[in-house]
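What follows is a short report on a single structure.
The values are calculated or read from the model by the stated rules, or taken from the named source; none is laboratory data. Bear in mind the structure is a predicted one, so any value in this text is a computation, not a measurement. Note: ideal-geometry Cβ built from the backbone for every residue, glycine included; neighbour counts use all protein chains shown.
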Amino acid sequence: MRMPWHRAPQLKPGQPPVELLTPLAVTWLLATLALAVAPHANELPLWLTPLFYAIVGWRGFIAIRGKPLPPRWLLLLVALLAGSGVLLEYRTLLGRDAGVALLTAMTACKLLETRGLRDGVVLVFLGYLLVMSTLLYSQEMLMVGYLFAVVVVMLAAQTMIHQQHAGLIVLAPLRLAGKMAAQAIPVMLILFILFPRIPGPLWGLPKDAYQGRTGLSEEMSPGSVSALSQSDAVAFRVRFVGPPPPPKLLYWRGPVLWNFDGRRWTRHEELPANTPVAFTPEGAAIEYTVIMEPSNRRWLLALDLPASLPPRTGMTPSFQLLRDQPVNEAYRYEVRSYLNYRTGELTATERSRALRLPPRGNARARELAAQWRARDAQPEALVNAALTLFREQAFYYTLTPPLLGAESVDDFLFRTRQGFCEHYASAFVFLMRSAGVPARVVTGYQGGEINALGDYLIVRQADAHAWAEVWLAERGWVRIDPTAAVAPNRIQDGLYAAIADEQTLPFLARRGGGNAEWLRQLALRWDALNTIWNEWVLAYGPDRQKEFLSGLGFGPLDWGDMTVAMVIALSSFGLLFAGLRWRSRWVRDPVARAWQRFCVRLARRGLARSAHEGPLAFAERVAIQRPELAMRASEIGKLYAALRYGPTTPPTAVRRLQRLVRRFRA
Amino acid sequence: MLEGLRRRFESWIFTRQPPACEPVPLTRRRIYILPTRYGYAFAALLFLLFLWAINYSNSMGFAFTFLLAAVALNSMWRAHDTLLGLIIHPGVAEPVFAGQEARFTFRLDNPDPAPRYGIALQWQDRPPHYVDVPAQGSATVTLIVPAQRRGWLQPGPIRVLTRFPLGLLQAWSWVIFERSGLVYPRPRGRRLLPAALPGGTGGGVGEQGLGSEDYAGLRSYAPGDSPRRIAWKATTHGGPLLVKQFTDQARPELWLDWRLLGIDNVEPRLEQLCQWALQADNAGLQYGLWLPGRQIPPASGAAHRRRCLETLALFGSTGYALPASP
């Protein structure tokens with residue numbers, strides 16, 4: 001078994017020996033890094049991915065052919081070019097995307113100067129960082145499975161960079177790494193469940209940390225909601241306690257918009273209170289659990305109107321739920337809502353805010369509102385007048401409305417007359433305010449699709465919606481959805497029912513049969529699986545951890561209790577594991593077991609074997625002290641020594657030893 | 001300072017486990033384990049990843065960090081298991097001259113049905129020598145130990161170590177064996193080989209000759225002696241073999257005599273004698289060795305050379321007698 005790598009390293013005075021990487025070790029490193037960078041191929045600058053793989057190929061060529069590494073100046077040049085390339089591409093080195101690009105470039109450069117064990121260790125560590133950075137982009141099941149596989153290959157590479165482990169050939173390192181990772185899973189689970197979670201972030205995150213999430217924004221202008229209808233990404237999923245309410249009542253309340261500049265609706269900054277805003281509920285409460293996809297926004301969605309607060313969440317006077325931190329992880333929360341309600345009085349400032357309009361613009365709309373008001377100043381009558389306008393005139397509901405000019409409301413009401421929900425909501429609130437009825441725009445989602453497979457509701461970005469609220473005496477804020485006047489199907493059955501050509505919708509937002517329906521059903525199954533993943537794994541954060549562990553029946557737990565529980569769980573697992581191992585070793589080594597039995601029997605008679613005494617010496621001593629046992633003891637001692645130190649272990653001899661020991665009576 | 005600490009540690013090891021003369025199986029109690037510098041770096045990396053997972057509230061970030069931590073734990077018992085149950089046999093070394101390096105060859109036995117990779121033996125601060133030990137097989141490692149003084153050379157504590165599998169942790173154990181290697185004196189000295197004298201001056205053996213090859217007594221058998229010279233009759237049953245000795249009156253005798261050397265110190269005398277013995281042996285001469293309290297009659301051949309050198313090596317030591325051939 002002596003191999004060339006077992007030779008003594010050359011010692012230079014005052015310098016530790018350089019442990020060189022074998023070509024095989026370099027190959028392992030290259031393979032694992034190539035796998036780790038692959039998921040980033042989409043986000044990296046166009047020039048970087050080919051550069052990285054070219055360098056991987058080059059380094060592989062160098063390793064296999066035994067060529068010298070490139071000179072230092074070339075290495076510096078590549079590093080400089082790659083670094084400045086990243087800087088030019090992103091104008092920074094600090095953001096998420098720039099960080100990943102820099103990490104990739106650094107890894108490529110490090111490959112070109114990798115020669116010894118230390119470089120190998122650095123590369124493996126860079127590989128782990130690359131795996132972790134991938135999780136910033138996706139934590140889906142498939143990706144996590146892939147990254148687990150990458151980590152296994154990386155562990156194999158980490159074994160192989162040590163030249164003394166080169167005796168592991170072909171797939172042996174991979175088998176070993178796979179076993180290690182599989183055996184690590186129980187401990188990982190204990191840590192995952194019990195390690196006390198600290199709510200992040202600990203320090204400022206780069207601006208682009210969670211970029212690339214589509215979703216509702218904090219403002220609304222013509223076209224902003226219809227843009228979302230092109231995305232079938234999931235916004236959130238809901239499990240109801242009890243039967244779900246009918247679709248037409250599923251108004252998921254998001255940002256409430258007060259301020260209008262003639263084209264754009266924006267929020268009014270309101271302070272959230274840490275108790276629910278009071279209102280008078282009518283009818284039964286609806287209880288449900290929302291599992292939100294990361295949105296990078298602070299608001300949480302809830303049915304009109306929420307009456308309870310999830311942890312670390314406050315409620316603004318507009319009944320909007322705001323969390324203390326943006327939702328950057330899959331987040332699960334429980335809420336209680338009342339679908340029928342009366343809200344309280346309007347303060348003077350709120351009233352003036354709910355009536356405020358830009359000083360000029362959209363003159364025709366203002367004129368129309370004034371006409372209505374002159375006819376009947378009752379708020380209910382004014383609301384009806386507007387809805388009748390939408391219902392009876394030739395207004396169309398479309399995903400692709402014509403562009404509107406600077407006078408967006410006038411343009412829409414009197415010229416194009418084609419719009420998506422944001423056009424109707426905006427025009428309606430403008431008309432109401434012009435007529436003297438306090439009104440505001442509410443954005444959020446409407447409806448959703450029940451996935452019968454998992455018994456939950458999927459709400460997609462395509463379900464984004466905008467509606468209006470007017471304030472009426474006696475009743476408070478009342479929801480009016482002008483879209484319902486134009487396209488009642490949208491509210492009853494969802495977007496697909498209100499759109500003439502379903503093909504313009506993204507695949508998963510469609511419903512009606514078609515050739516690809518089976519594919520959609522498959523997608524729904526997959527979604528059911530993802531929901532479990534999101535709810536139980538990804539959403540397992542500080543809040544969920546507390547809730548889950550307290551729900552096990554130990555009462556409320558703080559982080560100290562969790563630490564104790566974790567230590568107990570880890571040590572009991574360790575003991576269990578050690579016990580199993582001890583047992584298997586014991587069973588595996590019948591020779592040791594028989595010898596041990598023999599020694600124990602003699603020890604009971606006052607003839608204990610001392611630790612340094614070998615089998616033959618011990619047998620001799622037994623023969624001197626107990627001559628009547630001499631024969632049998634020496635036979636056992638000799639046989640044991642032969643089995644233990646001899647070249648082979650014949651099974652017949654093992655059985656003979658066992659028999660001898662069994663019959664041995666001291 | 002560090003050297004002193006090391007010596008104290010070694011003497012502590014000696015008290016904890018006395019030198020063994022038999023193969024030593026590595027047991028739980030004698031295996032130690034500590035992170036390597038890469039292990040500490042890995043711990044720092046894990047801490048970084050943990051902070052990162054907190055900062056980004058990244059659930060799978062936690063999962064992967066914990067996975068790597070659990071793998072590191074797993075590698076700890078794997079490193080431990082790589083040594084556990086391994087059987088180290090005492091090192092065997094051929095005799096060398098002082099100033100040379102002794103090569104101790106150790107055998108490592110693996111009784112388990114799985115191979116063990118990356119096990120090293122290390123002597124003091126020398127670089128470790130790695131081997132793989134196949135399943136239910138064995139491997140050998142040769143350690144080089146400088147032999148500075150004549151006499152018995154005991155290598156002292158040998159470190160058995162492994163960094164298998166990830167290099168994050170080093171498990172090690174100490175083994176100490178009684179078995180030593182013999183070190184002959186350093187062959188050194190400027191004096192010319194003394195002249196051979198007829199009849200010999202040493203007064204050791206065979207003064208009164210009775211022919212060209214006369215019987216001069218018995219001595220114990222040494223490897224290399226002709227079987228024809230074994231005194232079968234004189235050899236008692238079960239006792240050591242005896243060999244008949246003859247003197248050759250016709251050939252001059254060369255005595256390498258302690259008394260010829262007017263040097264004060266013992267060691268230079270022995271070194272000169274050693275030098276002479278080698279020169280005489282090279283020249284194919286018959287030579288005898290005269291030392292205070294011990295004389296070896298003139299003879300030649302490998303066995304004789306070895307006997308002389310061994311006698312020189314052990315001169316003055318407590319067991320000043322012929323060593324049993326290892």
Inset, instruction - Could you check, for the stretch A:210-232, whether at least one of its residues is touching a residue at least 60 places away in the same chain (Cβ under 8 Å), within 30 Å of A:LEU29 (Cβ to Cβ) and within 14 Å of another protein chain (Cβ to nearest Cβ)? - result: no
Legend entry - Answer residue from the stretch B:35-82, given it is over 30 Å from A:GLU140 (Cβ atoms) and at the interface with another protein chain (Cβ under 9 Å from one of its Cβ atoms) and is surrounded by the most Cβ atoms within 10 Å (Cβ to Cβ) among those: B:TYR38
Legend entry - Residues (surrounded by 19 or more Cβ atoms within 10 Å (Cβ to Cβ) and more than 28 Å from the chain's Cα centre (by Cα)) located in the stretch A:157-176: A:THR159, A:MET160, A:ILE161, A:HIS162, A:GLN163, A:GLN164, A:HIS165, A:ALA166, A:GLY167, A:LEU168, A:PRO173, A:LEU176
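It is to be established whether one or more residues within the stretch A:177-194 are of a type in the set (Val, Ile, Thr), surrounded by fewer than 21 Cβ atoms within 10 Å (Cβ to Cβ) and in contact (Cβ under 8 Å) with a residue 24 or more places away in the chain. If you could, list the steps in order and put the result at the bottom.
Quick first cut of the stretch A:177-194, residues of a type in the set (Val, Ile, Thr) only: A:185, A:187, A:190, A:193.
Okay, now just the ones that are also surrounded by fewer than 21 Cβ atoms within 10 Å (Cβ to Cβ), so A:185, A:190, A:193.
Now restrict to residues that are in contact (Cβ under 8 Å) with a residue 24 or more places away in the chain: A:190, A:193.
The answer is yes, given that some residue of the stretch A:177-194 is of a type in the set (Val, Ile, Thr), surrounded by fewer than 21 Cβ atoms within 10 Å (Cβ to Cβ) and in contact (Cβ under 8 Å) with a residue 24 or more places away in the chain.
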Legend entry - Residue tally, condition closer than 26 Å to A:PRO206 by Cβ and modelled with pLDDT under 90, over the stretch A:40-88: 2
Legend entry - Listing of strands (runs of 3 or more DSSP E) fully contained in the stretch B:79-198 that carry 2 or more residues being of a type in the set (A, V, I, L, M): B:101-109, B:116-123, B:129-133, B:138-146, B:158-162, B:169-175, B:181-184
Legend entry - Selection within the stretch A:304-337 - under 24 Å from A:TRP536 (Cα atoms) and hydroxyl-bearing (Ser, Thr, Tyr): A:SER308, A:THR313, A:TYR331, A:TYR333, A:SER337
Inset, instruction - Filter the stretch A:528-545 down to the residues that are at the interface with another protein chain (Cβ under 9 Å from one of its Cβ atoms) and within 10 Å of the chain's Cα centre (by Cα), then identify the one that is nearest to A:ASP558 (Cα to Cα). - result: A:TYR540
Inset, instruction - Inspect all residues belonging to the stretch A:610-631 and state whether any of them is closer than 19 Å to B:THR27 by Cα, touching a residue at least 24 places away in the same chain (Cβ under 8 Å) and either surrounded by 16 or more Cβ atoms within 10 Å (Cβ to Cβ) or not polar (S, T, N, Q) (or both). - result: yes
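So that you can scan it fast, the table gives a plain yes or no per residue for (1) under 20 Å from A:MET154 (Cβ atoms); (2) crowded, with 18+ Cβ neighbours inside 10 Å:
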{"position": "A:PRO39", "(1), (2)": "yes, yes"}
{"position": "A:LEU44", "(1), (2)": "yes, yes"}
{"position": "A:LEU51", "(1), (2)": "no, yes"}
{"position": "A:ILE55", "(1), (2)": "yes, yes"}
{"position": "A:GLY60", "(1), (2)": "yes, yes"}
{"position": "A:ALA63", "(1), (2)": "yes, yes"}
{"position": "A:LYS67", "(1), (2)": "no, no"}
{"position": "A:LEU75", "(1), (2)": "no, no"}
{"position": "A:LEU80", "(1), (2)": "no, no"}
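Rundown of residues vs (1) crowded, with 23+ Cβ neighbours inside 10 Å; (2) under 30 Å from the mean Cα position of the chain (by Cα); (3) away from every other protein chain (no Cβ under 14 Å), yes/no style:
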| site | (1), (2), (3) |
| --- | --- |
| A:LEU88 | no, no, yes |
| A:LEU93 | no, yes, yes |
| A:ALA98 | no, yes, yes |
| A:THR134 | yes, yes, no |
Inset, instruction - Out of the residues in the stretch A:319-350 that are touching a helix residue (DSSP H, G or I) at 6+ places or on another chain (Cβ under 9 Å) and assigned to a loop (DSSP other than H, G, I, E, B), state the one that is surrounded by the fewest Cβ atoms within 10 Å (Cβ to Cβ). - result: A:GLU329
Inset, instruction - Specify which of the listed residues (A:LEU557, A:LEU607) is without any contact (Cβ under 8 Å) to a residue 40 or more places away in the chain, surrounded by 16 or more Cβ atoms within 10 Å (Cβ to Cβ), hydrophobic (A, V, I, L, M, F, W, C) and more than 14 Å from every other protein chain (Cβ to nearest Cβ). - result: A:LEU557
Inset, instruction - Give the residue, chosen from B:PRO19, B:PRO95, that is surrounded by fewer than 22 Cβ atoms within 10 Å (Cβ to Cβ), in contact with an Asp or Glu (Cβ under 9 Å, 6 or more places away or on another chain) and modelled with pLDDT under 90. - result: B:PRO19
Inset, instruction - Examine the stretch A:137-153 for a residue that is out of contact with any strand residue (DSSP E or B) (no Cβ under 7 Å at 6 or more places or on another chain), at pLDDT below 95 and crowded, with 22+ Cβ neighbours inside 10 Å, and state whether such a residue exists. - result: yes
Inset, instruction - Could you tell me whether the stretch A:522-531 includes any residue that is modelled with pLDDT of 85 or more, of a type in the set (Lys, Arg) and outside the structural domain of A:ALA565 (by TED's automatic domain parsing)? - result: yes
Inset, instruction - Determine which member of the set A:ASN451, A:ASN384 is modelled with pLDDT under 90 and on the phi < 0 side of the Ramachandran plot. - result: A:ASN451
Inset, instruction - Within the stretch A:367-382, work out how many residues are in contact (Cβ under 8 Å) with a residue 40 or more places away in the chain, among the hydrophobic types (A, V, I, L, M, F, W, C) and part of a helix (DSSP H, G or I). - result: 5
Inset, instruction - Please find, within the stretch A:634-657, the residue that is nearest to the other protein chains (Cβ to nearest Cβ) out of those that are in contact (Cβ under 8 Å) with a residue 24 or more places away in the chain and part of a helix (DSSP H, G or I). - result: A:ARG644
Legend entry - Residue check, A:ARG663 basic (Lys, Arg) and away from chain B (no Cβ under 14 Å): yes
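Going by the conditions given, is A:LEU508 at pLDDT below 85 and either part of a loop (DSSP other than H, G, I, E, B) or more than 22 Å from the chain's Cα centre (by Cα) (or both)? First the steps, then the outcome.
Numbers: at pLDDT below 85: yes; either part of a loop (DSSP other than H, G, I, E, B) or more than 22 Å from the chain's Cα centre (by Cα) (or both): no.
Judged against the criteria, A:LEU508 is not a match.
Checking the structure you have, find out if any residue of the stretch A:481-494 is farther than 17 Å from A:TYR251 by Cα, in the same structural domain as A:PRO379 (by TED's automatic domain parsing) and either over 26 Å from the mean Cα position of the chain (by Cα) or polar (S, T, N, Q) (or both). Break it down stepwise before answering.
Going through the stretch A:481-494, the residues farther than 17 Å from A:TYR251 by Cα turn out to be A:486.
Then drop every residue that is not in the same structural domain as A:PRO379 (by TED's automatic domain parsing), which leaves A:486.
From the residues that got through so far, the ones that are either over 26 Å from the mean Cα position of the chain (by Cα) or polar (S, T, N, Q) (or both) too are A:486.
Scanning the stretch A:481-494 turns up at least one residue that is farther than 17 Å from A:TYR251 by Cα, in the same structural domain as A:PRO379 (by TED's automatic domain parsing) and either over 26 Å from the mean Cα position of the chain (by Cα) or polar (S, T, N, Q) (or both).
Looking at A:VAL537, A:VAL564, A:VAL478, A:VAL486, can you tell me which residue is loosely packed, with under 15 Cβ neighbours inside 10 Å, of a type in the set (A, V, I, L, M, F, W, C) and modelled with pLDDT of 85 or more?
Working: A:VAL537 fails: loosely packed, with under 15 Cβ neighbours inside 10 Å; A:VAL478 fails: loosely packed, with under 15 Cβ neighbours inside 10 Å; A:VAL486 fails: loosely packed, with under 15 Cβ neighbours inside 10 Å.
Result of the check over A:VAL537, A:VAL564, A:VAL478, A:VAL486: A:VAL564.
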Inset, instruction - Select from the stretch A:400-416 the residues that are surrounded by fewer than 19 Cβ atoms within 10 Å (Cβ to Cβ) and assigned to a loop (DSSP other than H, G, I, E, B) and list them in ascending order. - result: A:THR400, A:PRO402, A:LEU403, A:GLY405, A:ALA406
Legend entry - Flag for A:GLU469 being out of contact with any Leu (no Cβ under 9 Å at 6 or more places or on another chain) and outside any helix (DSSP H, G or I): yes
Inset, instruction - Output the residues belonging to the stretch A:149-206 that are closer than 26 Å to B:ASN55 by Cβ, in contact with a Ser or Thr (Cβ under 6 Å, 6 or more places away or on another chain) and within 7 Å of chain B (Cβ to nearest Cβ). - result: A:GLY200
